[in-house]
Amino acid sequence: MKKILVVLSIILFASCKQEVKENKEEVMQEVEKVTQTAEPDKKKPLSPHTETMAMIGDAHIHIDYSSPGVRDRMIFGGLLAYDAVWQSGAHKATWIETNKDLMINGKALPKGKYGFFTIPTKGDWTVIFNSNWDQHGKDEYDVKEDILRFTTTPQISETIQEQLEYTVNKATDSSGTISMSWEKVTIEFPFQIINN
């Protein structure tokens, strides 16, 4: 009788152990299945969409753009040809919106939303505010839709600005500057709020 009990105990113990092992294997297979069907890690975009904005007095200035990186490339006069219109960002055209009329370079820019374009050169750059703000790149750019156009002298740095960056800086309660920096180039221009 003792032998039968010992044999039954061993069989029962072995079957329990086998069941635990099978359950472990099932759980591991389920974990693998979930891992395989889960979304893979998303890569950080090379030209992330970003924006900058500021309140200068009563004026709200908002700039919306995609920010490409230099990534060891020659940008101006290389990736971007000189003397050609550039959407001043990546993908969709960069746009600037103001809820107040601004005076820029002695010219009035009525409140509104504008495509922001530049023409990089080896010397002075052309800055353009265009009425067509909702376009891919510069695909639909038309000089006839320019609202304001002027030239500015870029500042050249020895330090590389890896990601394209715009800033709106307050000078006084009624004035400020807008700047764009990328690679070794910064363009900056002042504006004055026109009080109506």
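Odds and ends about this structure:
- Listed by first and then second residue, the pairs with beta-carbon distance under 9 Å, at least 6 apart or on different chains, first residue in the range 108-119 and part of a strand (DSSP E or B), second basic (Lys, Arg), are Gly115/Lys138; Phe117/Lys138.
Residue by residue, here is whether (1) hydrophobic (A, V, I, L, M, F, W, C); (2) in contact with a strand residue (DSSP E or B) (Cβ under 8 Å, 6 or more places away or on another chain); (3) on the phi > 0 side of the Ramachandran plot; (4) modelled with pLDDT of 95 or more holds:
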site: Thr159; (1), (2), (3), (4): no, yes, no, yes
site: Glu162; (1), (2), (3), (4): no, yes, no, yes
site: Thr167; (1), (2), (3), (4): no, yes, no, yes
site: Lys170; (1), (2), (3), (4): no, yes, no, yes
site: Ser181; (1), (2), (3), (4): no, yes, no, yes
site: Phe189; (1), (2), (3), (4): yes, yes, no, yes
site: Ile193; (1), (2), (3), (4): yes, yes, no, yes
site: Asn196; (1), (2), (3), (4): no, no, no, no
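- Subset of the range 77-92 that is closer than 17 Å to Arg149 by Cβ and surrounded by 14 or more Cβ atoms within 10 Å (Cβ to Cβ) - its residue that is nearest to the chain's Cα centre (by Cα): Ser88
- Long-range neighbours under 6 Å by Cβ, at least six apart or interchain, first residue in the same structural domain as Ile187 (by TED's automatic domain parsing) and more than 19 Å from Ala90 (Cβ to Cβ) within the range 138-160, second surrounded by 11 or more Cβ atoms within 10 Å (Cβ to Cβ) and of a type in the set (Lys, Arg): Leu148/Lys107; Ile156/Lys184; Ser157/Lys184
- Residue satisfying condition, being closer than 15 Å to Thr94 by Cβ and out of contact with any Lys or Arg (no Cβ under 6 Å at 6 or more places or on another chain), within set Ser131, Ser174: Ser131
The values are calculated or read from the model by the stated rules, or taken from the named source; none is laboratory data. All values reported here derive from a predicted model rather than from experimental measurement. Note that we place each Cβ from the backbone using ideal geometry, even for glycine, and neighbour counts take in every protein chain shown.
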